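First the structure, in the form of structure tokens, and then the observations on it.
The values are calculated or read from the model by the stated rules, or taken from the named source; none is laboratory data. Only a predicted model underlies this, so the values are computations on that prediction, with no experimental measurement involved. Ideal geometry is used to build each Cβ from the backbone, glycine not excepted, and the neighbour counts take in all protein chains shown. Keep in mind that these areas ignore ligands, DNA and RNA; they rest on the heavy atoms of the full protein, side chains included. Shrake-Rupley method; radii C 1.70, N 1.55, O 1.52, S 1.80 Å.
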Amino acid sequence: MRLYLLALNPTDSVTEGFLPAAARLGLAVTVLTDSVDAHREAYKGFPEPPEIRHCAVRDFREVIGELSRRGRPEAIFTNSDHLQTQAALAAQYFGLPGKDWQAAFRAKNKAETRRWLSDAGLDTVWAAELAPGLTDIPFPCVVKPREGVASEDVALVEDLDALNRFAAEVQERRPDVVLLVEEFLAGDLCTLETLGDGTRRQVLGGFRTAVSEPPAFIELSLEFVEHPQAITDQVLAQLDALGVGFGACHTEFVVQADGRVRLIEVNYRAIGDRMDLALEQILGIPYFEHVLRVHLGESLPAELGARSDLTSYSLYICADRPGTLTAAPEPFDRTVDGIALSYRTFREVGAEHPHYRTNRDYLGVIQGIGADKAALLRIAEEFVRDHVWEIQS
């Protein structure tokens, strides 16, 4: 059986997660992408690298046309934030298992997410697409791309002048981007990770997230947690209203002082930045295989058999200025005091980058998985204290 995987740039989720899982399932894989050279480079070390074909994957018509020319596909999948609607439309066109394209669109378009939840009577957040003459803005407010991802071009602004300056700077670099302005939702930032087959949905747990001080919202650390049922139920009710329930989903939300959940965004894919790889280890289940299996038309088991005795702590090291990375630790995997510890790089020594003030400033991540939460925090902090990341301007 052949799996068609839609992708933009290569990611650890695909390279280390979904492609090995596809191989274990005996699937042949064709990667459709508009970045062929980058994917060829990423898979050079694979014993049997996937087939890579050029396709304008942001356009669902081009995706359907490419697949039709190659004969009727057997399975279509993507883990890209930006390609969920396209993959869903292609799957629907060929009568294959997949996400509802309308739900994928609602999740990706943050203005539509807000409108849909408000119309459902579940939550109303002041939000509007930025346009001339927009008034009655509740400052401080958050400005972000309507179809954005992570912390890219997201900022907290205090007044109209700051809003106009930030919007002008973003739109000068990205003239086609539509910006969303919405009220700032204070609270503890968390995630919920779910997996569904369209009928049954499994809650896998979540993460408590620490972010940088405003105006940016850079994720600095994530700790695996099991949320109270009252919190989980509120998130699931909003996902149900959006029609989100097939495949992997990574939902970000804040919990306010009174226990009220307010959604930040719904990412209709697996959590990224290596946290999906950690999730598989924490739970002790073939997570990536389960995700692919539902796209092959299989049902989830009633019980995934996940273990519950482990937790994790991940600490990201961020660049604090532009320049060339001249010194950094090497990647490793080791066990320290019973903790499975790993370090992975996001930026190679010798690479020169501007200061983005987003998750693109990540230099590396230290991840610990084990049963002792205090030991996880201690070991990660000791690693950062004992090593050097040097940037020369």
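Matching residues to (1) surrounded by fewer than 20 Cβ atoms within 10 Å (Cβ to Cβ); (2) in contact with a helix residue (DSSP H, G or I) (Cβ under 6 Å, 6 or more places away or on another chain):
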| residue | (1), (2) |
| --- | --- |
| F77 | no, yes |
| L83 | no, no |
| P97 | yes, yes |
| Q102 | yes, no |
| R106 | no, yes |
| A111 | yes, no |
| L122 | yes, yes |
| A131 | yes, no |
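Kindly provide the set of residues from region 252-271 that are of a type outside the set (V, I, T) and either closer than 18 Å to L117 by Cβ or surrounded by fewer than 20 Cβ atoms within 10 Å (Cβ to Cβ) (or both), ordered by number. I'd like the intermediate steps shown before the answer.
Of region 252-271, the ones of a type outside the set (V, I, T) are 252-253, 256-260, 262-263, 265, 267-270.
E252, F253, Q256, A257, D258, G259, R260, R262, L263, E265, N267, Y268, listed by residue number.
Just checking, which of L32, L25, L89, L6 is under 19 Å from G272 (Cα atoms) and either in the same structural domain as H295 (by the TED database) or open to solvent by less than 50 Å² (accessible area, probe 1.4 Å) (or both)?
Every option except L6 fails the conditions.
Test of understanding: among V181, V211, V203, which residue is open to solvent by less than 50 Å² (accessible area, probe 1.4 Å) and of a type outside the set (K, R)? Step through it out loud before you land on a result.
Numbers: V211 fails: open to solvent by less than 50 Å² (accessible area, probe 1.4 Å); V203 fails: open to solvent by less than 50 Å² (accessible area, probe 1.4 Å).
When all the criteria are applied, what remains is V181.
Quick check, is L315 farther than 29 Å from K144 by Cβ and either in contact with a Ser or Thr (Cβ under 9 Å, 6 or more places away or on another chain) or not hydroxyl-bearing (S, T, Y) (or both)?
On the way: farther than 29 Å from K144 by Cβ: no; either in contact with a Ser or Thr (Cβ under 9 Å, 6 or more places away or on another chain) or not hydroxyl-bearing (S, T, Y) (or both): yes.
In short, no.
Taking the condition within 19 Å of the chain's Cα centre (by Cα), open to solvent by 20 Å² or more (accessible area, probe 1.4 Å), among the hydrophobic types (A, V, I, L, M, F, W, C) and under 22 Å from L3 (Cα atoms), does F246 pass? Walk me through how you get there before you give the answer.
On the way: within 19 Å of the chain's Cα centre (by Cα): yes; open to solvent by 20 Å² or more (accessible area, probe 1.4 Å): yes; among the hydrophobic types (A, V, I, L, M, F, W, C): yes; under 22 Å from L3 (Cα atoms): yes.
Against the criterion (within 19 Å of the chain's Cα centre (by Cα), open to solvent by 20 Å² or more (accessible area, probe 1.4 Å), among the hydrophobic types (A, V, I, L, M, F, W, C) and under 22 Å from L3 (Cα atoms)), F246 qualifies.
Considering region 55-75 alone, what residues qualify as being within 24 Å of the chain's Cα centre (by Cα), surrounded by fewer than 17 Cβ atoms within 10 Å (Cβ to Cβ) and either small (G, A, S) or over 18 Å from F105 (Cα atoms) (or both)?
Of region 55-75, the ones within 24 Å of the chain's Cα centre (by Cα) are 55-60, 63, 75.
Subset that is surrounded by fewer than 17 Cβ atoms within 10 Å (Cβ to Cβ): 56, 58-59.
Selection gives A56 alone.
Residue check: is R321 closer than 22 Å to A91 by Cα, modelled with pLDDT of 95 or more, outside the structural domain of P20 (by the TED database) and of a type in the set (K, R)?
Details: closer than 22 Å to A91 by Cα: no; modelled with pLDDT of 95 or more: yes; outside the structural domain of P20 (by the TED database): yes; of a type in the set (K, R): yes.
Taking the combined requirement at face value, the residue does not satisfy it.
For S299, state whether it is over 23 Å from S80 (Cβ atoms), among the small types (G, A, S) and part of a strand (DSSP E or B). Reasoning before the result, please.
Working: over 23 Å from S80 (Cβ atoms): yes; among the small types (G, A, S): yes; part of a strand (DSSP E or B): no.
Criteria not met by S299.
Which pairs turn up if I take residues in region 299-316 that are open to solvent by less than 50 Å² (accessible area, probe 1.4 Å) and modelled with pLDDT under 95 and look for partners that are part of a loop (DSSP other than H, G, I, E, B) and among the charged types (D, E, K, R) with beta carbon separation below 8 Å, at least 6 apart in sequence or on another chain?
Partner pairs satisfying both residue conditions: none exist.
Which of (1) open to solvent by less than 50 Å² (accessible area, probe 1.4 Å); (2) touching a residue at least 40 places away in the same chain (Cβ under 8 Å); (3) touching a strand residue (DSSP E or B) at 6+ places or on another chain (Cβ under 7 Å) does L236 not meet, given it meets every other one?
(3)
Anything in region 162-179 that is of a type in the set (A, V, I, L, M, F, W, C) and assigned to a loop (DSSP other than H, G, I, E, B)? List them, or say none. Spell out the reasoning first.
Applying the first criterion (of a type in the set (A, V, I, L, M, F, W, C)) to region 162-179 yields 162-163, 166-168, 170, 177-179.
V177, V178, listed by residue number.
Can you tell me which residues in region 337-372 are surrounded by 15 or more Cβ atoms within 10 Å (Cβ to Cβ), farther than 17 Å from D273 by Cβ and either β-branched (V, I, T) or touching a residue at least 60 places away in the same chain (Cβ under 8 Å) (or both)?
The answer is I339, V349, G370.
Give all pairs with beta carbons closer than 8 Å in which a residue from region 6-19 that is free of Cβ contacts under 8 Å to residues at least 60 places away in the same chain meets a residue that is open to solvent by 10 Å² or more (accessible area, probe 1.4 Å) and among the polar types (S, T, N, Q); count only pairs at least 6 apart in sequence or on separate chains.
N9/S35; P10/S35
Anything in region 9-22 that is β-branched (V, I, T) and either surrounded by fewer than 23 Cβ atoms within 10 Å (Cβ to Cβ) or in a loop (DSSP other than H, G, I, E, B) (or both)? List them, or say none. Give the derivation first.
We begin by selecting, within region 9-22, every residue β-branched (V, I, T); these are 11, 14-15.
Residues satisfying the conditions are T11, T15.
Looking at F77, F105, F139, F94 in this structure, which one is over 29 Å from N359 (Cα atoms) and at pLDDT 95 or above?
Details: F77 fails: over 29 Å from N359 (Cα atoms); F105 fails: over 29 Å from N359 (Cα atoms); F139 fails: over 29 Å from N359 (Cα atoms).
Selected residue: F94, the only one of F77, F105, F139, F94 that is over 29 Å from N359 (Cα atoms) and at pLDDT 95 or above.
Can you pull out the residues in region 214-233 that are surrounded by 20 or more Cβ atoms within 10 Å (Cβ to Cβ) and either under 18 Å from the mean Cα position of the chain (by Cα) or free of Cβ contacts under 8 Å to residues at least 12 places away in the same chain (or both)?
Result: F217, I218, E219, L222, F224.
With the requirement that a residue be surrounded by fewer than 17 Cβ atoms within 10 Å (Cβ to Cβ) and within 27 Å of A270 (Cβ to Cβ), what does region 153-175 give you? Walk me through it before giving the result.
Of the residues in region 153-175, the ones surrounded by fewer than 17 Cβ atoms within 10 Å (Cβ to Cβ) are 158-161, 164-165, 168-169, 171-175.
Correct list: R174 only.
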